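Peer 1: Dumping the structure here so I can ask a few things about it.
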């Protein structure tokens, strides 16, 4: 009930009313332009001039659909994935054929044809409820400002702006009654407008957004690019770590061993062999060798943690044991996932537990992993302060991109004040 009474004063209500008003001229222009282009295009098809006109209608409808998508996104919050970039074939005939065969353009034409009558209906509903409601609410004031007069059937002058048969609302009690009758109309108005606008909410993603196959191709292209970039970044990191770490240690090792060899192989009888100096150089070389081994081992673990050889459940138990925040791990893995999926799940858990320790302020966390129906579902939750968001460019953004490379998903539920729950779903069937 509170929501019903509050609806006329919300930002969403006024945005939908504004959308209903603004979208009408856009829909009328789009419908008229498509109608004219279609008529001339079909009529001139026999002269071959009509085909370019039809192609222009298809591509124009696609472009004008972008205006509707932008308006719906700004005023209704309707997020529609962008269309794939139009890539015509080479040459004039290739451009003509690609334009005439553009599925998104034809679907946009269907939208504009349906949108025009829908925009008329939306405008009528908006105008009827809001205009009548506001005029009736302000009826006593309008009587004072405009001072309307009319003559009844008996020749009597009536000071009234509203008449129902022989009933004239020309007295203050009747004027106040009109004003009070506007209240239910204004309370119903937001919901009536929302109902017709909802039809547009359904049409825009269905006809102005990409098809499922096109969206699938776009997702594959994007995840492929992410995977390539991630692989390139990993190779650069490995090269940098080898160059700045292990390689430098091995060069120092070789230099120290070479100097020690010179000290031990001296044949100068006047200069006795400096055993202490040679021992110092060998000790230094041994230290460099040990540090190089450690760095190479850490580098190898960064590529594929050896603990994963024992299974994901053992790897997660090791992560929990090393966590600064107490972590409970629950696993139910009947069939072991592929190594790639295990590696992604492990690094996701490691990143999420690191975030819990460094940013959440939590005192406890839980990792729950289950494999069901060919899907691995891992949930990492904590009792911290919440506010986690993958759109802020944090490590969560990298996790979203990482799981998408294998058609996985990552969902975050982290209201201000907590708790936080991150769910990672990955294909576990290979």
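Peer 1: Return the inverse of the average 1/r over all pairs of distinct C-alpha atoms in the stretch 18-129, which is the Kirkwood hydrodynamic radius, in Å to one decimal.
Peer 2: For the stretch 18-129, inverting the mean 1/r across all distinct Cα pairs yields 15.1 Å.
Peer 1: I've got another one for you. Going by average Cβ density within 10 Å per residue, which order do the peptides 63-71, 44-52 take, highest to lowest?
Peer 2: Ranking the peptides 63-71, 44-52 by packing returns 63-71, 44-52.
Peer 1: Here's a follow-up. Kirkwood Rh, the stretch 307-427, all Cα pairs: how many Å?
Peer 2: Its Kirkwood hydrodynamic radius stands at 14.2 Å.
Just so you know, all these numbers are worked out from the coordinates, no wet-lab data involved. These figures come from a predicted structure and were not determined experimentally. FYI the Cβ positions are ideal-geometry reconstructions off the backbone, even for glycines, and counts take in every protein chain you see.
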